[in-house]
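All remarks here apply to the structure that follows.
The values are calculated or read from the model by the stated rules, or taken from the named source; none is laboratory data. Note that the structure is predicted; figures quoted are calculated from it, not measured. Here the Cβ positions follow ideal geometry from the backbone for every residue, glycine too, while neighbour counts run over all protein chains shown.
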Amino acid sequence: MYGISNYIDEDATYPSHLQDYNCGTRTYDLSSGYNHAGTDIFLSPFDWNNMEDEHVEIIAAAPGTIIGKTDGNPDHNCAMGSGTWNSVYIQHSDGTVAWYGHMKTGTPTTKAVGATVVLGEHLGYVGSSGSSTGPHLHFEVHDASGNVRDPWMGSCNALPSLWNTQKPYYESQVNALMTHTAPPGFASCPLRDTVNAADTFLQGSKIYFAVYFHDEQPANKSFFKITRPDGTVYKNWSHTSTTSYAASYWYWSYIIPSSEPEGKWQFSDSFMTVVNKHDFYIGDASLQANHISGIVSAVTVYPNPMTDNITIEHGAASTVNIFDMPGRLQYAGDIISDKETINIAHLPPGMYIVQLTATDGSRQNIRVVKQ
């Protein structure tokens, strides 16, 4: 769910004199005299959606003590400027200080200045506060004397790497493998993208099969496959880009005929020796259901489309789960009465699956829309 857009500019001259730790030009400088001093880690795909839903957290890269925090600043900035960011500053035992900047408002750790954090501890969520063109984390390290310290070791930075395990300069990998009802729509900053994601389709539907990369390189080749429930291959193809991309996406559409079987299908990709898999379902009300029993089949869910509340009238269901279309759990609770009302005001607009489970393990899935 991320990529790197900029490293530290090792070339002190400016403007347009660029040199990152690997002697490349994945960095920037400004005519004002600013040479980029950190690592910019952006969200991908669907950056604003992931920011708003707090899907990508910021964690401590090393243990240390909080020596500063800022919060309460606007976090939907779309251009470079002079705004103040939301941030956390951590000092380590060797005197180095790490800056974690551009956080989402209200999410920096509630721990006070002077408190300690451990490796991997939650510090906040990615935002776009301060001088920022979109949701990303600016990670910057200073040595004990306050000088910028590049944590990446390479041909143009001979200092030892500060990472326990340094990732490669180009970390070519798949960020997401998804199925959609239509091509994704990418909105202007700072609006949400229209993802059009779905995992359940009727026979005869056109399905868009999409892959989202970061650091895609021309030498990389992907091998895609759509597999039927019985394991036989319905379709396969390959893809190679002719250009390098920090972030990229590609999609192909196919209509699954009514003659094809219902059940759990799979969309897979073999890329850089890694096999990525995404399950999807063909057939009405087939999503993730083990089996459907009459004990929970007499179900009424209303209103549909829903707004802030949804009411469920049922037979003998004991629990309710609500999933978004990528299959992420958004609500889980016990059912106490035969007519249960659930507040779903926190859910963003979109399509959801309400899954009821009875004590015997039987399940019923109801597809609903949130306005």
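Of all the criteria given as (1) surrounded by fewer than 20 Cβ atoms within 10 Å (Cβ to Cβ); (2) polar (S, T, N, Q); (3) over 17 Å from Phe42 (Cβ atoms), the one not satisfied by Asn157 is (1). Note on the stretch 305-336: among residues that are touching a Gly at 6+ places or on another chain (Cβ under 8 Å) and either in the same structural domain as His278 (by TED's automatic domain parsing) or closer than 23 Å to Pro184 by Cα (or both), the one that is modelled with the highest pLDDT is Asp324. Of all residues being surrounded by fewer than 19 Cβ atoms within 10 Å (Cβ to Cβ) and either touching a Gly at 6+ places or on another chain (Cβ under 6 Å) or among the polar types (S, T, N, Q) (or both) in the stretch 96-111, which is farthest from Gly72 (Cα to Cα)? Just the residue, please. Per the criteria, the residue is Thr96. Summed over the stretch 161-194, residues that are among the charged types (D, E, K, R) and free of Cβ contacts under 8 Å to residues at least 40 places away in the same chain total 1.
Consider the stretch 54-72 and keep the residues that are surrounded by fewer than 18 Cβ atoms within 10 Å (Cβ to Cβ) and closer than 24 Å to Met1 by Cβ. The one that is farthest from the chain's Cα centre (by Cα) is Ile59. Only one entry of Leu43, Leu119, Leu18 meets the criterion of being without any contact (Cβ under 8 Å) to a residue 40 or more places away in the chain and either surrounded by 19 or more Cβ atoms within 10 Å (Cβ to Cβ) or not basic (Lys, Arg) (or both), and that entry is Leu18. Ile66: β-branched (Val, Ile, Thr), part of a strand (DSSP E or B) and under 18 Å from Ser129 (Cα atoms), yes or no? Considered against the rule, which asks whether it is β-branched (Val, Ile, Thr), part of a strand (DSSP E or B) and under 18 Å from Ser129 (Cα atoms), Ile66 comes out as no.
Residue-by-condition table, conditions (1) assigned by TED's automatic domain parsing to the domain that holds Ser44; (2) modelled with pLDDT under 95; (3) farther than 24 Å from Asp279 by Cα; (4) not hydroxyl-bearing (Ser, Thr, Tyr):
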| site | (1), (2), (3), (4) |
| --- | --- |
| Met153 | yes, no, yes, yes |
| Thr181 | no, yes, no, no |
| Pro190 | no, no, yes, yes |
| Pro229 | no, yes, no, yes |
| Ile256 | no, yes, no, yes |
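Having 3 or more residues that are in contact (Cβ under 8 Å) with a residue 40 or more places away in the chain is the bar; report the strands (runs of 3 or more DSSP E) wholly within the stretch 195-272 that clear it.
206-216, 221-227, 245-255, 263-271
Among the conditions (1) over 27 Å from Asp193 (Cβ atoms); (2) touching a Gly at 6+ places or on another chain (Cβ under 6 Å); (3) surrounded by fewer than 19 Cβ atoms within 10 Å (Cβ to Cβ), the only one that Gly24 does not satisfy is (2). Of everything in the stretch 265-304 that's surrounded by fewer than 17 Cβ atoms within 10 Å (Cβ to Cβ) and charged (D, E, K, R), which residue is modelled with the highest pLDDT? The selected residue is Lys277. Across the stretch 220-242, what is the total count of residues that are out of contact with any strand residue (DSSP E or B) (no Cβ under 8 Å at 6 or more places or on another chain) and either charged (D, E, K, R) or closer than 27 Å to Leu43 by Cβ (or both)? Result for the stretch 220-242: 2.
Does Ser132 satisfy being at pLDDT 95 or above and either in the same structural domain as His36 (by TED's automatic domain parsing) or of a type in the set (D, E, K, R) (or both)? So Ser132 fits the description; yes. The lone criterion from (1) of a type outside the set (Gly, Ala, Ser); (2) assigned by TED's automatic domain parsing to the domain that holds Val97; (3) without any contact (Cβ under 8 Å) to a residue 24 or more places away in the chain left unmet by Asp143 is number (3).
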